[in-house]
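As structure tokens, the structure follows; a few thoughts come after it.
The values are calculated or read from the model by the stated rules, or taken from the named source; none is laboratory data. In this text, all values refer to a predicted model and were calculated from it rather than measured experimentally. Every residue, glycine among them, receives a Cβ derived from its backbone with ideal geometry; neighbour counts consider all protein chains shown. What goes into the accessible areas is simple: the full protein's heavy atoms, side chains included, and nothing from ligands, DNA or RNA. Shrake-Rupley method; radii C 1.70, N 1.55, O 1.52, S 1.80 Å.
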Amino acid sequence: MEFWNLIFLDPVLNILIVITNILFGNFGLAIIALTAMVRLAILPLTMKQLRASKKMSDSMRELQPKLQQIQKKYAKDKQKLFKEQQKLFKEAGVNPMGCLTSPMLVTMIIQMPIFIALYRAIIMAVAVTPQDFLGLSGHIYSWSIVHETLPVSGNFLWLNLGSPDPYFLIPILVTATMWVSQKMMTTSSSNNQQQQQSMQNMMQIMMPLMFGFITFSLPSGLGLYFLVTSVISIITQYRIYGWSNLNLGNLFSRFQSKQLPDKTSKKA
Amino acid sequence: MIGCVNAPSKGWSGPIVDDDNILYVGTIEGKVLAYDLSTGVPVKYWEKEIQKPSSGSLSCGRGISTPMSTYGVPAIGEEVVYVGGYDGYLYSFTRKTGAENKYDTGSAIVGSPTFDPETNTVLVGSSNGKLYALYADLREDEKWTFKTGDKIWSTPVVDNGVVYISSADHRFYAIDIDSGKEIWYFEAGAGILSTALIKNNTIYIGACDNKFYAIDTATEEQIQAAKDGEPALKQEAKNVFNGAGNWFWTQAYLYEGIEGTDDDQIFVGNLDHKMYILDANDISIKLGEYKTEGRVKTPPVEVGDRIIFGSEDGKLYYYDTEQAAWDDLCDLEAPIFAPMDTGTVEEGVDEEDAEVRYIVYVHAQNGSHYLHAIYADTGLDVWEPIKTS
């Protein structure tokens, strides 16, 4: 725990407080700024991860016709079917277990402690109770800029960053942006990948709902962190995937067809 | 990770004993306890519960009653005892029966209330940044309120008709108790959560900028100027101690040296685990220090020839003023954050031969909380510790 505090938590916490001081004592802006800075710092890794993921899903899509042929041919021999599928993947240079291989695993491992530290730092810096504030004393550096900033003000827009959003706007925004982010990364698959598709659909719904529900009871400072993370994910994913997976065109045309009256029937 | 944001706070209420030998203390379960110590063995006098329905989010369950804890030490009034609750209410309980009255400040009360018998005023600070001056019967309208820039987690101190209070807005204020007008303010480099010590026209107070200050009290001219509507002045410190490693978050204690000499000493604890001894005439001069294994947040108390204080490491320590030496008194094995109180007990077969022994009352906190009475000379328990939560 001491190692964790020394290497991750204390530096992130103190930098968060320093940024608060620089941004006119505004803790909400400091959360946004530090989250953005951390995401920016690991952007090269993130982009590499997204490109690798996209490449894999594009390759899988190209292999679909051949996969369907193999499935038809060896429908009754599961062992042979598996062998032929693996042979096809190997020839095409595709690894369906890509999420567990580097560089994706490396980027996840690097990101996790930083994000956990940022999450903990936000909770600690808000320091609602005297116990929380007393606990803070053991983690701050002896920089005068840190001392003069504490206690941080929890007020940001309509929010008290140490308490849940009373109007539930943050949880709703977190749910919506997470859904968009998840949707942008999903790929359509053929009938033979129905299981994978239904798993994807479930993740698309469950993950945003879960985070939205969690954000209901967490300090809104943390909700703000989730929201900024989602928005930045959307922006970085747009560079790789565009909006195509969202099927915005279909959404708009469906919306239009509901709104416009049917003029042809009137004329008749 | 999820948890309830509005879960009950913990509290570090200290005990206080009145002239009738009744001990009062708050608990983390939102109770106020009164014990009769007159027989030498504590007998429960009354017990009151402070409760407020939780206003937590959906995942915490709305409408479920949650006990609210107490942080400060109860204050003794004329016929009542005052207790600040984390729910924002200042409670008064009649000392004999525990009959309850209350006033709503709207925000958590962490410091202790103060009763000034000269003006019959109850003073209390709140986390909304306001200092309230209330009538002793806690009627709805206040005498006055004074707004600071951030939360008040300290205890008001009254001296010569002036109320002194610190705030997390980095300032320490002097306020006229009659009118509520600001006389002057002192500005530190960080929030001030400590309660001031006032002795010999000097205010001693530490701040979260790791510094300890000595400031002159308000003069008669300054007080009159405030009453006349003059704007508040900015006060400067006359001395500063700059050698601590962390925040000051406790009240200091002044030990008066040999009578007729000028060797008064200030004892003050710090969150860097140390108790410091400073020259009361010039606090920039450090006379000594003692390092414990935990943060020091309790004000020291003087009993006989010992200055006793507690630490987060669970131990009571003492400084022998005759030997000028430090030592451990006892190990309660539970963090000591709350202020302590002292008392005496007479022991012996005959009244004539009775020996007076000093006692320290300590409320130690570690999971379950226990109220101890410790002999100041031996460190042994006077009676079986009482479990308060």
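In straight-distance terms, cross-link reach from A:K66 covers every one of the aspartates and glutamates whose alpha-carbon lies under 20 Å from its own, apart from those fewer than eight places away in the same chain; here that gives A:D58, A:D77, A:E84, A:E91. Annotation: amide H-H contacts under 5 Å for B:W144 (H modelled 1.01 Å from N, sequence separation of 5 or more, or interchain): B:A133. Atom-type composition of the exposed protein surface of chain B places 43 percent of the accessible area on carbon and sulfur (1.4 angstrom probe). Placing unit charges on the Cβ atoms of the charged side chains and taking the dipole of the protein assembly as shown about its Cα centre, the candidate lying farthest along the positive direction among A:P44, A:L9, B:G257 is A:P44. Rg then Dmax, both in Å and based on the Cα atoms of chain B: 20.7, 66.
Rounded to whole Å, give me the distance from the Cα center of region A:8-28 to that of region B:137-190. Comparing the Cα centres of region A:8-28 and region B:137-190, I get a distance of 30 Å. Sorting B:E220, B:E352 by solvent-accessible area of protein heavy atoms yields B:E352, B:E220, largest first, with a 1.4 Å probe.
Per residue, the accessible area of the protein assembly as shown comes to 48 Å², computed with a 1.4 Å probe over protein heavy atoms only. Across region B:76-158, the mean sequence separation of Cα contacts (distance under 8 Å, 6 or more residues apart), normalised by length, yields a relative contact order of 24 percent. Checking the Cα-Cα distances for B:K211/B:K286; B:K199/B:K274; B:K102/B:K147; B:K238/B:K286; A:K48/A:K90 against a 19 Å cut-off, the pairs over it are B:K199/B:K274; B:K102/B:K147; A:K48/A:K90. Applying the Kirkwood pairwise sum to the alpha-carbon positions of region B:183-227 produces a hydrodynamic radius of 11.5 angstrom. Less than 5 angstrom separates the built amide H of B:D169 from those of B:G149, B:D150, B:I192, all sequence-distant by 5 or more or on a different chain.
Dividing the convex hull volume of the alpha-carbon atoms in the protein assembly as shown by its residue count gives 242 Å³ per residue.
Peptide A:128-139: average number of partner chain Cβ atoms within 10 Å per residue?
Mean partner-chain Cβ count within 10 Å for A:128-139: 6.
Ranked by the mean number of other Cβ atoms within 10 Å of their residues, highest first, the peptides B:33-44, B:123-134, A:82-93 fall in the order B:123-134, B:33-44, A:82-93. All alpha carbon pair distances within region B:149-250 were sorted into 5 Å bins beginning at 0; the resulting P(r) in whole percents reads 3, 15, 26, 26, 18, 9, 3, 1, 0.
Scanning residues 5 or more positions from B:D263 or on other chains, those with amide H under 5 Å from its amide H are B:G257, B:I258, with H placed 1.01 Å from N in the peptide plane.
Across chain B, the relative contact order, built from alpha-carbon pairs under 8 Å that are at least six residues apart, equals 8 percent.
Computed with a 1.4 angstrom probe on protein heavy atoms, the A-B interface buries about 2300 square angstrom of accessible area in total. Size estimate for region B:153-196 follows the Kirkwood approach: the inverse of mean 1/r over distinct Cα pairs works out to 10.4 Å. The phi-based Karplus calculation (6.51 cos²θ - 1.76 cosθ + 1.60; θ = phi - 60°) puts the 3J(HN,Hα) values of region B:213-226 at 10, 10, 10, 5, 5, 5, 7, 4, 5, 5, 5, 5, 4, 5 Hz, whole numbers, x for Gly and Pro.
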